[in-house]
1. Go through (1) away from ligand 2 (no atom under 14 Å from the Cβ); (2) crowded, with 22+ Cβ neighbours inside 10 Å; (3) among the charged types (D, E, K, R) for Arg301 and report which single condition fails.
2. Scan segment 177-194 residue by residue and report those that are open to solvent by less than 10 Å² (accessible area, probe 1.4 Å) and within 16 Å of ligand 3 (Cβ to nearest atom).
3. Please name all residue pairs, on different chains or six or more residues apart, with Cβ atoms under 6 Å, provided the first residue is in segment 145-157 and is more than 7 Å from ligand 1 (Cβ to nearest atom) and the second residue is in a helix (DSSP H, G or I) and open to solvent by 10 Å² or more (accessible area, probe 1.4 Å).
4. Out of all the residues in segment 204-216, is one or more more than 17 Å from Thr186 (Cβ to Cβ), among the aromatic types (Phe, Trp, Tyr) and open to solvent by 10 Å² or more (accessible area, probe 1.4 Å)?
5. Given Phe80, Phe30, which one is of a type in the set (Phe, Trp, Tyr) and within 18 Å of the chain's Cα centre (by Cα)?
6. Given Val363, Val359, Val406, which one is in contact with a Pro (Cβ under 9 Å, 6 or more places away or on another chain), closer than 25 Å to Ala83 by Cβ, crowded, with 20+ Cβ neighbours inside 10 Å and in contact (Cβ under 8 Å) with a residue 12 or more places away in the chain?
7. State the number of residues belonging to segment 150-199 that are in contact with a Cys (Cβ under 9 Å, 6 or more places away or on another chain) and either closer than 23 Å to Glu109 by Cβ or within 13 Å of ligand 2 (Cβ to nearest atom) (or both).
8. Test of understanding: among Gly201, Gly174, which residue is within 16 Å of ligand 1 (Cβ to nearest atom), part of a strand (DSSP E or B) and within 18 Å of the chain's Cα centre (by Cα)?
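The values are calculated or read from the model by the stated rules, or taken from the named source; none is laboratory data. Small disclaimer: the values here were computed from a predicted structure and weren't measured. All Cβ positions, glycine included, derive from the backbone under ideal geometry; neighbour counts span all protein chains shown. Side chains are part of the model used for accessible areas, which takes the heavy atoms of the whole protein and leaves out ligands, DNA and RNA. Shrake-Rupley method; radii C 1.70, N 1.55, O 1.52, S 1.80 Å.
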Amino acid sequence: MKKFSVVIAGGGSTFTPGIVKMLLASSERFPLKKLYLYDNDEERQAVLGEAIEIMLKEDAPEVEFVYTADPEVAFTDMDFCMAHIRVGKYAMRELDEKIPLKHNVVGQETCGAGGMAYGMRSITGMLEIIDYMEKYSPDCWMLNYSNPASIVAEACRVLRPESKVLNICDMPVGTLRRMSQIIGTTPDQLEVDYFGLNHFGWWTSVRGKDGTDYTQLVKDYVKENGYLNQVEIDTQHTDPSWQETHKKARDIYAVDPRFLPNTYLKYYLFPDYVVENSNKEYTRANEVMDGREKDVFETARHIIETGTAKDNGFHIDSHAYFIVDLARAIAFNTHERMLMIVENNGAIANFPDDAMVEVPCIVGSKGPEPICQGQIPMFQQALMHQQLMCEKLLVQGYIEQDYQKVWQAFTLSRTIPSATVAKEVLDDLIIANKNF
Ligand code: NAD
Ligand code: G6P
Ligand code: MN
(Lines give C-alpha, C1' and ligand atoms only; values in the text may rest on other atoms or scores of the structure.)
(Ligands and ions follow the chains in the order given, each with its own letter.)
Protein backbone atom coordinates (compact mmCIF):
# COMPACT_ATOMS: atom_id res chain seq x y z
CA MET A 1 0.00 0.00 0.00
CA LYS A 2 1.28 3.47 -0.88
CA LYS A 3 2.47 5.60 2.05
CA PHE A 4 1.82 9.34 2.18
CA SER A 5 3.80 12.39 3.23
CA VAL A 6 1.92 15.02 5.19
CA VAL A 7 2.94 18.46 6.40
CA ILE A 8 0.80 20.22 8.98
CA ALA A 9 1.02 23.99 8.47
CA GLY A 10 0.35 25.82 11.67
CA GLY A 11 2.22 23.07 13.52
CA GLY A 12 1.85 25.06 16.74
CA SER A 13 -1.96 24.94 16.52
CA THR A 14 -4.00 23.67 19.43
CA PHE A 15 -5.54 21.25 16.91
CA THR A 16 -2.22 19.71 15.77
CA PRO A 17 -1.95 16.99 18.46
CA GLY A 18 -5.49 15.77 17.77
CA ILE A 19 -4.80 15.46 14.06
CA VAL A 20 -1.51 13.65 14.71
CA LYS A 21 -3.26 11.24 17.06
CA MET A 22 -5.93 10.60 14.43
CA LEU A 23 -3.28 10.04 11.76
CA LEU A 24 -1.60 7.47 13.99
CA ALA A 25 -4.93 5.77 14.69
CA SER A 26 -5.57 5.68 10.92
CA SER A 27 -2.27 4.08 9.90
CA GLU A 28 -3.98 1.11 8.26
CA ARG A 29 -6.44 3.23 6.25
CA PHE A 30 -3.99 6.01 5.48
CA PRO A 31 -0.35 4.94 5.97
CA LEU A 32 2.23 7.62 6.61
CA LYS A 33 5.73 7.88 5.24
CA LYS A 34 6.57 11.35 6.55
CA LEU A 35 4.89 13.67 9.00
CA TYR A 36 6.29 17.20 9.19
CA LEU A 37 5.14 20.23 11.16
CA TYR A 38 5.62 23.74 9.82
CA ASP A 39 4.99 27.02 11.66
CA ASN A 40 6.48 30.49 11.46
CA ASP A 41 6.56 30.69 15.27
CA GLU A 42 9.42 28.31 15.98
CA GLU A 43 9.17 28.53 19.75
CA ARG A 44 5.46 27.83 19.96
CA GLN A 45 5.70 24.89 17.57
CA ALA A 46 8.74 23.41 19.35
CA VAL A 47 6.67 22.61 22.46
CA LEU A 48 4.18 20.54 20.47
CA GLY A 49 6.92 19.27 18.14
CA GLU A 50 9.00 17.82 20.95
CA ALA A 51 6.00 16.15 22.56
CA ILE A 52 4.80 14.70 19.25
CA GLU A 53 8.30 13.42 18.56
CA ILE A 54 8.08 11.41 21.77
CA MET A 55 4.59 10.21 20.81
CA LEU A 56 5.81 9.01 17.42
CA LYS A 57 8.93 7.31 18.77
CA GLU A 58 6.63 5.24 20.97
CA ASP A 59 3.78 4.58 18.56
CA ALA A 60 5.08 4.93 15.01
CA PRO A 61 8.89 4.92 14.88
CA GLU A 62 8.73 4.09 11.15
CA VAL A 63 7.27 7.52 10.33
CA GLU A 64 9.89 10.15 9.49
CA PHE A 65 9.08 13.12 11.75
CA VAL A 66 10.43 16.68 11.51
CA TYR A 67 9.26 20.00 12.86
CA THR A 68 10.65 23.06 11.20
CA ALA A 69 10.18 26.74 10.41
CA ASP A 70 12.02 26.35 7.12
CA PRO A 71 9.49 26.29 4.27
CA GLU A 72 11.77 24.41 1.88
CA VAL A 73 12.31 21.59 4.36
CA ALA A 74 8.64 21.58 5.31
CA PHE A 75 7.04 21.54 1.89
CA THR A 76 9.46 19.46 -0.20
CA ASP A 77 8.16 16.11 -1.45
CA MET A 78 4.75 16.26 0.23
CA ASP A 79 1.42 14.72 -0.83
CA PHE A 80 -0.83 16.64 1.56
CA CYS A 81 -0.61 19.87 3.49
CA MET A 82 -3.12 20.02 6.32
CA ALA A 83 -3.35 23.73 7.06
CA HIS A 84 -4.68 25.49 10.12
CA ILE A 85 -2.81 28.73 10.60
CA ARG A 86 -4.02 31.64 12.70
CA VAL A 87 -2.32 34.81 11.48
CA GLY A 88 -1.91 37.04 14.54
CA LYS A 89 -2.56 34.13 16.92
CA TYR A 90 -4.77 34.45 19.99
CA ALA A 91 -3.65 37.98 20.77
CA MET A 92 -5.32 39.16 17.57
CA ARG A 93 -8.36 36.91 17.99
CA GLU A 94 -8.96 38.62 21.30
CA LEU A 95 -8.94 42.03 19.57
CA ASP A 96 -11.13 40.76 16.70
CA GLU A 97 -13.71 39.90 19.33
CA LYS A 98 -13.33 42.80 21.75
CA ILE A 99 -13.06 45.78 19.40
CA PRO A 100 -16.46 45.23 17.71
CA LEU A 101 -18.05 44.55 21.10
CA LYS A 102 -16.83 47.96 22.28
CA HIS A 103 -19.07 49.36 19.54
CA ASN A 104 -21.93 47.07 20.56
CA VAL A 105 -21.63 44.81 17.55
CA VAL A 106 -20.93 41.08 17.35
CA GLY A 107 -17.33 40.21 18.18
CA GLN A 108 -16.66 36.77 16.76
CA GLU A 109 -13.75 34.82 15.31
CA THR A 110 -15.24 34.32 11.83
CA CYS A 111 -18.48 36.34 11.68
CA GLY A 112 -18.98 40.07 11.31
CA ALA A 113 -16.35 42.76 11.76
CA GLY A 114 -13.81 40.64 13.67
CA GLY A 115 -14.11 37.86 11.12
CA MET A 116 -13.46 40.31 8.32
CA ALA A 117 -10.34 41.67 10.02
CA TYR A 118 -9.16 38.11 10.60
CA GLY A 119 -10.03 37.32 6.98
CA MET A 120 -7.73 39.98 5.63
CA ARG A 121 -4.87 38.75 7.82
CA SER A 122 -5.52 35.16 6.77
CA ILE A 123 -5.43 35.85 3.05
CA THR A 124 -1.81 37.01 3.31
CA GLY A 125 -0.76 34.00 5.39
CA MET A 126 -2.61 31.56 3.15
CA LEU A 127 -1.07 32.90 -0.05
CA GLU A 128 2.34 32.52 1.57
CA ILE A 129 1.87 28.83 2.41
CA ILE A 130 0.08 28.02 -0.87
CA ASP A 131 3.05 29.46 -2.77
CA TYR A 132 5.54 27.46 -0.68
CA MET A 133 3.54 24.31 -1.31
CA GLU A 134 3.38 24.85 -5.06
CA LYS A 135 7.05 25.75 -5.28
CA TYR A 136 8.31 22.70 -3.44
CA SER A 137 5.54 20.12 -4.13
CA PRO A 138 3.52 21.11 -7.18
CA ASP A 139 1.23 18.07 -6.95
CA CYS A 140 0.48 18.46 -3.26
CA TRP A 141 -3.10 19.04 -2.03
CA MET A 142 -3.80 21.58 0.68
CA LEU A 143 -6.67 20.66 2.96
CA ASN A 144 -7.39 23.92 4.69
CA TYR A 145 -9.14 24.65 7.96
CA SER A 146 -7.62 28.14 8.39
CA ASN A 147 -10.44 30.57 9.03
CA PRO A 148 -12.51 32.46 8.09
CA ALA A 149 -12.91 29.64 5.56
CA SER A 150 -15.41 31.44 3.33
CA ILE A 151 -13.23 34.53 2.93
CA VAL A 152 -10.13 32.40 2.43
CA ALA A 153 -12.00 30.31 -0.15
CA GLU A 154 -13.11 33.38 -2.08
CA ALA A 155 -9.55 34.78 -2.01
CA CYS A 156 -8.20 31.46 -3.31
CA ARG A 157 -10.84 31.41 -6.06
CA VAL A 158 -9.77 34.85 -7.24
CA LEU A 159 -6.03 34.86 -6.56
CA ARG A 160 -5.00 31.19 -6.87
CA PRO A 161 -7.68 29.64 -9.11
CA GLU A 162 -5.50 26.74 -10.26
CA SER A 163 -4.20 25.80 -6.82
CA LYS A 164 -5.14 22.48 -5.27
CA VAL A 165 -6.59 23.99 -2.12
CA LEU A 166 -9.72 22.54 -0.52
CA ASN A 167 -11.38 24.64 2.16
CA ILE A 168 -13.33 22.82 4.83
CA CYS A 169 -15.21 23.37 8.06
CA ASP A 170 -15.77 20.99 10.94
CA MET A 171 -18.98 22.61 12.24
CA PRO A 172 -21.39 20.56 10.09
CA VAL A 173 -19.42 17.42 10.97
CA GLY A 174 -19.58 18.25 14.67
CA THR A 175 -23.30 18.99 14.45
CA LEU A 176 -23.87 15.76 12.52
CA ARG A 177 -22.33 13.89 15.44
CA ARG A 178 -24.88 15.61 17.66
CA MET A 179 -27.67 14.65 15.25
CA SER A 180 -26.47 11.04 15.23
CA GLN A 181 -26.83 10.99 18.99
CA ILE A 182 -30.36 12.39 18.76
CA ILE A 183 -31.20 9.64 16.25
CA GLY A 184 -29.35 6.92 18.16
CA THR A 185 -26.85 5.97 15.49
CA THR A 186 -23.32 6.88 14.44
CA PRO A 187 -22.39 9.74 12.06
CA ASP A 188 -20.92 7.37 9.48
CA GLN A 189 -24.40 5.83 9.08
CA LEU A 190 -25.89 9.17 8.03
CA GLU A 191 -26.10 11.14 4.82
CA VAL A 192 -27.27 14.74 4.50
CA ASP A 193 -28.36 17.41 2.09
CA TYR A 194 -27.14 20.89 2.93
CA PHE A 195 -26.73 24.25 1.25
CA GLY A 196 -25.19 27.56 2.25
CA LEU A 197 -22.04 29.56 2.57
CA ASN A 198 -19.49 28.59 5.20
CA HIS A 199 -20.86 29.23 8.72
CA PHE A 200 -24.09 30.27 6.96
CA GLY A 201 -26.08 27.20 5.92
CA TRP A 202 -28.98 24.80 6.41
CA TRP A 203 -29.60 21.05 6.32
CA THR A 204 -32.55 20.10 4.16
CA SER A 205 -32.45 16.41 5.04
CA VAL A 206 -30.78 13.90 7.32
CA ARG A 207 -31.08 10.27 6.26
CA GLY A 208 -29.74 6.88 7.21
CA LYS A 209 -27.54 5.21 4.61
CA ASP A 210 -30.34 2.60 4.43
CA GLY A 211 -32.66 5.35 3.19
CA THR A 212 -34.55 6.04 6.44
CA ASP A 213 -35.48 9.72 6.66
CA TYR A 214 -34.64 11.14 10.11
CA THR A 215 -35.19 14.81 9.24
CA GLN A 216 -38.46 15.20 11.16
CA LEU A 217 -37.09 13.34 14.17
CA VAL A 218 -34.12 15.71 14.37
CA LYS A 219 -36.37 18.74 13.84
CA ASP A 220 -38.68 17.69 16.68
CA TYR A 221 -35.64 17.53 18.96
CA VAL A 222 -34.09 20.81 17.77
CA LYS A 223 -37.43 22.59 18.17
CA GLU A 224 -37.19 21.92 21.92
CA ASN A 225 -33.46 21.65 22.66
CA GLY A 226 -31.47 23.01 19.77
CA TYR A 227 -28.46 20.73 19.30
CA LEU A 228 -27.81 20.48 23.02
CA ASN A 229 -26.98 16.83 23.75
CA GLN A 230 -27.40 14.88 26.95
CA VAL A 231 -23.97 13.23 26.72
CA GLU A 232 -20.87 14.72 25.06
CA ILE A 233 -18.99 12.65 22.48
CA ASP A 234 -16.32 15.21 21.62
CA THR A 235 -14.20 17.47 23.79
CA GLN A 236 -14.56 20.12 21.08
CA HIS A 237 -17.58 22.48 21.21
CA THR A 238 -18.34 21.66 24.86
CA ASP A 239 -17.33 24.81 26.79
CA PRO A 240 -20.19 26.84 28.33
CA SER A 241 -20.30 29.33 25.43
CA TRP A 242 -20.62 26.47 22.96
CA GLN A 243 -23.43 24.86 24.96
CA GLU A 244 -25.26 28.16 24.78
CA THR A 245 -24.72 28.21 21.00
CA HIS A 246 -26.06 24.66 20.55
CA LYS A 247 -29.12 25.60 22.57
CA LYS A 248 -29.69 28.81 20.59
CA ALA A 249 -30.17 26.71 17.42
CA ARG A 250 -33.72 26.26 18.73
CA ASP A 251 -34.46 29.94 18.07
CA ILE A 252 -32.75 29.92 14.68
CA TYR A 253 -34.85 26.89 13.75
CA ALA A 254 -38.03 28.75 14.75
CA VAL A 255 -37.32 31.43 12.14
CA ASP A 256 -37.57 28.83 9.36
CA PRO A 257 -38.68 25.34 10.45
CA ARG A 258 -38.33 24.01 6.91
CA PHE A 259 -34.64 23.40 7.53
CA LEU A 260 -32.11 22.61 10.24
CA PRO A 261 -29.77 25.58 10.76
CA ASN A 262 -26.01 25.86 11.17
CA THR A 263 -25.28 27.20 14.67
CA TYR A 264 -23.33 30.16 13.24
CA LEU A 265 -26.54 31.73 11.92
CA LYS A 266 -27.12 33.01 15.44
CA TYR A 267 -24.61 35.82 14.81
CA TYR A 268 -26.51 36.98 11.71
CA LEU A 269 -30.11 36.45 12.83
CA PHE A 270 -29.76 37.43 16.51
CA PRO A 271 -26.88 39.92 16.65
CA ASP A 272 -28.59 42.08 19.30
CA TYR A 273 -29.06 39.03 21.53
CA VAL A 274 -25.44 37.99 20.98
CA VAL A 275 -24.11 41.40 21.98
CA GLU A 276 -26.35 41.60 25.07
CA ASN A 277 -25.13 38.18 26.17
CA SER A 278 -21.42 38.80 25.54
CA ASN A 279 -18.95 39.60 28.26
CA LYS A 280 -16.96 42.44 26.72
CA GLU A 281 -14.00 41.78 29.02
CA TYR A 282 -13.90 37.99 28.63
CA THR A 283 -14.64 36.59 25.17
CA ARG A 284 -14.25 33.18 23.52
CA ALA A 285 -10.56 33.96 22.89
CA ASN A 286 -10.06 34.19 26.66
CA GLU A 287 -12.04 31.01 27.21
CA VAL A 288 -9.78 29.17 24.72
CA MET A 289 -6.53 30.66 26.08
CA ASP A 290 -7.55 29.58 29.59
CA GLY A 291 -8.92 26.27 28.34
CA ARG A 292 -7.90 24.40 25.20
CA GLU A 293 -4.64 26.28 24.56
CA LYS A 294 -3.51 25.93 28.16
CA ASP A 295 -4.48 22.24 28.31
CA VAL A 296 -2.81 21.30 25.04
CA PHE A 297 0.46 23.04 25.88
CA GLU A 298 0.49 21.76 29.47
CA THR A 299 -0.06 18.24 28.20
CA ALA A 300 2.82 18.67 25.75
CA ARG A 301 5.12 19.99 28.48
CA HIS A 302 4.17 17.07 30.70
CA ILE A 303 5.08 14.61 27.93
CA ILE A 304 8.43 16.32 27.47
CA GLU A 305 9.17 16.31 31.22
CA THR A 306 8.23 12.66 31.73
CA GLY A 307 9.69 11.52 28.42
CA THR A 308 6.62 9.45 27.56
CA ALA A 309 3.35 10.08 25.77
CA LYS A 310 1.64 6.89 26.95
CA ASP A 311 -1.90 7.69 28.16
CA ASN A 312 -1.47 11.34 27.16
CA GLY A 313 -4.36 13.75 27.33
CA PHE A 314 -4.60 14.75 23.65
CA HIS A 315 -8.04 14.29 22.13
CA ILE A 316 -9.29 13.12 18.75
CA ASP A 317 -12.41 15.11 17.83
CA SER A 318 -14.62 15.38 14.74
CA HIS A 319 -12.16 18.03 13.54
CA ALA A 320 -9.41 15.41 13.18
CA TYR A 321 -11.70 12.69 11.82
CA PHE A 322 -12.88 14.90 9.01
CA ILE A 323 -9.52 16.04 7.67
CA VAL A 324 -8.03 12.55 7.78
CA ASP A 325 -11.13 11.11 6.05
CA LEU A 326 -10.76 13.78 3.39
CA ALA A 327 -7.08 13.01 2.78
CA ARG A 328 -7.97 9.34 2.51
CA ALA A 329 -10.81 10.04 0.07
CA ILE A 330 -8.39 11.83 -2.25
CA ALA A 331 -5.54 9.38 -1.73
CA PHE A 332 -7.63 6.26 -2.41
CA ASN A 333 -10.35 7.72 -4.63
CA THR A 334 -13.02 6.52 -2.19
CA HIS A 335 -15.84 8.75 -3.54
CA GLU A 336 -17.03 9.46 -0.04
CA ARG A 337 -19.78 12.06 0.42
CA MET A 338 -18.61 15.12 2.40
CA LEU A 339 -19.54 18.77 2.82
CA MET A 340 -16.99 21.00 1.14
CA ILE A 341 -16.61 24.68 0.27
CA VAL A 342 -16.58 24.78 -3.53
CA GLU A 343 -17.38 27.11 -6.41
CA ASN A 344 -21.15 26.94 -6.92
CA ASN A 345 -21.39 26.45 -10.70
CA GLY A 346 -25.03 25.48 -10.47
CA ALA A 347 -24.97 23.30 -7.36
CA ILE A 348 -27.41 25.80 -5.84
CA ALA A 349 -29.48 26.50 -8.93
CA ASN A 350 -30.70 30.02 -8.12
CA PHE A 351 -27.41 31.37 -6.77
CA PRO A 352 -24.38 32.91 -8.56
CA ASP A 353 -22.02 30.48 -10.27
CA ASP A 354 -18.96 32.19 -8.86
CA ALA A 355 -20.04 31.95 -5.21
CA MET A 356 -18.00 29.74 -2.89
CA VAL A 357 -20.75 27.62 -1.33
CA GLU A 358 -20.85 24.77 1.15
CA VAL A 359 -22.62 21.71 -0.27
CA PRO A 360 -22.28 17.92 -0.18
CA CYS A 361 -19.69 16.63 -2.64
CA ILE A 362 -18.45 13.26 -3.80
CA VAL A 363 -14.73 13.28 -3.06
CA GLY A 364 -12.20 11.24 -5.00
CA SER A 365 -8.71 11.60 -6.38
CA LYS A 366 -9.64 14.51 -8.64
CA GLY A 367 -11.13 16.41 -5.69
CA PRO A 368 -14.74 17.25 -4.80
CA GLU A 369 -17.63 16.89 -7.25
CA PRO A 370 -20.58 18.92 -5.91
CA ILE A 371 -24.02 17.34 -5.65
CA CYS A 372 -26.81 19.54 -6.98
CA GLN A 373 -29.00 20.95 -4.20
CA GLY A 374 -31.59 22.55 -6.48
CA GLN A 375 -33.43 25.81 -5.82
CA ILE A 376 -33.37 27.55 -2.45
CA PRO A 377 -36.16 29.70 -0.96
CA MET A 378 -36.26 33.51 -1.02
CA PHE A 379 -35.37 33.99 2.63
CA GLN A 380 -32.13 32.00 2.40
CA GLN A 381 -31.33 33.38 -1.04
CA ALA A 382 -31.56 36.97 0.21
CA LEU A 383 -29.53 36.34 3.36
CA MET A 384 -26.86 34.42 1.49
CA HIS A 385 -26.67 36.97 -1.28
CA GLN A 386 -26.01 39.81 1.13
CA GLN A 387 -23.38 37.77 2.96
CA LEU A 388 -21.79 36.66 -0.31
CA MET A 389 -21.47 40.22 -1.59
CA CYS A 390 -20.07 41.28 1.76
CA GLU A 391 -17.32 38.65 1.47
CA LYS A 392 -16.64 39.34 -2.21
CA LEU A 393 -16.32 43.07 -1.61
CA LEU A 394 -14.01 42.45 1.29
CA VAL A 395 -11.71 40.31 -0.84
CA GLN A 396 -11.77 42.91 -3.63
CA GLY A 397 -11.03 45.61 -1.10
CA TYR A 398 -8.09 43.56 0.19
CA ILE A 399 -6.68 43.02 -3.31
CA GLU A 400 -7.10 46.62 -4.40
CA GLN A 401 -6.22 48.03 -0.96
CA ASP A 402 -9.47 49.97 -1.29
CA TYR A 403 -10.80 51.45 1.94
CA GLN A 404 -14.16 52.31 0.36
CA LYS A 405 -14.87 48.69 -0.62
CA VAL A 406 -13.90 47.39 2.78
CA TRP A 407 -16.16 49.95 4.45
CA GLN A 408 -18.98 48.83 2.14
CA ALA A 409 -18.28 45.20 3.01
CA PHE A 410 -18.53 46.04 6.72
CA THR A 411 -21.77 47.93 6.02
CA LEU A 412 -23.21 44.86 4.28
CA SER A 413 -22.71 42.55 7.26
CA ARG A 414 -26.00 41.81 8.98
CA THR A 415 -24.11 42.00 12.28
CA ILE A 416 -23.46 45.74 11.82
CA PRO A 417 -26.41 48.16 12.09
CA SER A 418 -25.25 51.11 9.98
CA ALA A 419 -22.54 52.58 7.78
CA THR A 420 -21.62 54.88 10.67
CA VAL A 421 -20.92 52.00 13.05
CA ALA A 422 -19.23 50.08 10.24
CA LYS A 423 -16.75 52.93 9.78
CA GLU A 424 -16.06 53.31 13.50
CA VAL A 425 -15.36 49.61 13.97
CA LEU A 426 -13.32 49.40 10.78
CA ASP A 427 -11.14 52.34 11.77
CA ASP A 428 -10.42 50.81 15.16
CA LEU A 429 -9.62 47.45 13.59
CA ILE A 430 -7.27 49.08 11.08
CA ILE A 431 -5.28 50.60 13.95
CA ALA A 432 -5.18 47.28 15.82
CA ASN A 433 -4.00 45.50 12.65
CA LYS A 434 -1.29 47.99 11.70
CA ASN A 435 1.41 45.27 11.88
CA PHE A 436 -0.48 43.21 9.34
P1 NAD B 1 -3.48 28.52 17.13
O2 NAD B 1 -3.18 29.96 17.26
O3 NAD B 1 -3.34 27.64 18.30
O4 NAD B 1 -2.55 27.92 15.98
C5 NAD B 1 -2.27 28.55 14.79
C6 NAD B 1 -0.78 28.45 14.46
O7 NAD B 1 -0.57 29.04 13.18
C8 NAD B 1 0.14 29.19 15.45
O9 NAD B 1 1.08 28.31 15.99
C10 NAD B 1 0.78 30.26 14.58
O11 NAD B 1 2.11 30.54 14.94
C12 NAD B 1 0.70 29.65 13.20
N13 NAD B 1 0.81 30.60 12.10
C14 NAD B 1 0.30 31.85 12.01
N15 NAD B 1 0.60 32.39 10.83
C16 NAD B 1 1.37 31.51 10.16
C17 NAD B 1 1.99 31.50 8.88
N18 NAD B 1 1.91 32.54 8.04
N19 NAD B 1 2.70 30.40 8.53
C20 NAD B 1 2.79 29.35 9.35
N21 NAD B 1 2.21 29.29 10.57
C22 NAD B 1 1.50 30.35 10.96
O23 NAD B 1 -4.95 28.41 16.54
P24 NAD B 1 -6.06 27.28 16.66
O25 NAD B 1 -7.10 27.69 17.61
O26 NAD B 1 -5.44 25.97 16.87
O27 NAD B 1 -6.71 27.34 15.22
C28 NAD B 1 -5.94 27.20 14.06
C29 NAD B 1 -6.75 27.57 12.85
O30 NAD B 1 -7.74 26.59 12.57
C31 NAD B 1 -7.52 28.89 12.99
O32 NAD B 1 -7.53 29.55 11.75
C33 NAD B 1 -8.92 28.42 13.31
O34 NAD B 1 -9.88 29.36 13.02
C35 NAD B 1 -8.98 27.22 12.41
N36 NAD B 1 -10.05 26.28 12.67
C37 NAD B 1 -10.92 26.09 11.66
C38 NAD B 1 -11.95 25.20 11.79
C39 NAD B 1 -12.91 25.07 10.65
O40 NAD B 1 -14.00 24.58 10.82
N41 NAD B 1 -12.56 25.51 9.46
C42 NAD B 1 -12.08 24.47 12.96
C43 NAD B 1 -11.17 24.69 13.99
C44 NAD B 1 -10.13 25.58 13.82
C1 G6P C 1 -16.05 25.42 14.87
C2 G6P C 1 -15.96 26.11 13.57
C3 G6P C 1 -14.58 26.58 13.29
C4 G6P C 1 -14.08 27.44 14.42
C5 G6P C 1 -14.20 26.71 15.70
C6 G6P C 1 -13.91 27.70 16.81
O7 G6P C 1 -15.40 24.20 14.82
O8 G6P C 1 -16.38 25.30 12.50
O9 G6P C 1 -14.55 27.25 12.09
O10 G6P C 1 -12.75 27.80 14.21
O11 G6P C 1 -15.50 26.22 15.90
O12 G6P C 1 -13.75 27.00 17.93
P13 G6P C 1 -13.12 27.66 19.22
O14 G6P C 1 -13.22 26.52 20.16
O15 G6P C 1 -11.71 28.03 18.86
O16 G6P C 1 -13.96 28.82 19.56
MN1 MN D 1 -15.75 26.28 10.58
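1. Among (1) away from ligand 2 (no atom under 14 Å from the Cβ); (2) crowded, with 22+ Cβ neighbours inside 10 Å; (3) among the charged types (D, E, K, R), the lone unmet condition for Arg301 is (2).
2. Tyr194
3. Ser150/Glu391; Ile151/Glu391; Glu154/Glu391
4. Let us first name the residues in segment 204-216 that are more than 17 Å from Thr186 (Cβ to Cβ), namely 204-205, 213, 215-216.
Those left that are additionally among the aromatic types (Phe, Trp, Tyr): none.
Within segment 204-216, not a single residue is more than 17 Å from Thr186 (Cβ to Cβ), among the aromatic types (Phe, Trp, Tyr) and open to solvent by 10 Å² or more (accessible area, probe 1.4 Å).
5. Working: Phe30 fails: within 18 Å of the chain's Cα centre (by Cα).
Of Phe80, Phe30, the one residue that is of a type in the set (Phe, Trp, Tyr) and within 18 Å of the chain's Cα centre (by Cα) is Phe80.
6. Numbers: Val363 fails: in contact with a Pro (Cβ under 9 Å, 6 or more places away or on another chain); Val406 fails: in contact with a Pro (Cβ under 9 Å, 6 or more places away or on another chain).
Among Val363, Val359, Val406, only Val359 is in contact with a Pro (Cβ under 9 Å, 6 or more places away or on another chain), closer than 25 Å to Ala83 by Cβ, crowded, with 20+ Cβ neighbours inside 10 Å and in contact (Cβ under 8 Å) with a residue 12 or more places away in the chain.
7. Our first condition is that a residue be in contact with a Cys (Cβ under 9 Å, 6 or more places away or on another chain); within segment 150-199, this holds for 150, 163-165, 167, 198-199.
Checking which are either closer than 23 Å to Glu109 by Cβ or within 13 Å of ligand 2 (Cβ to nearest atom) (or both) leaves us with 150, 165, 167, 198-199.
Matching residues across segment 150-199 total 5.
8. Values: Gly174 fails: part of a strand (DSSP E or B).
The unique qualifying residue is Gly201.
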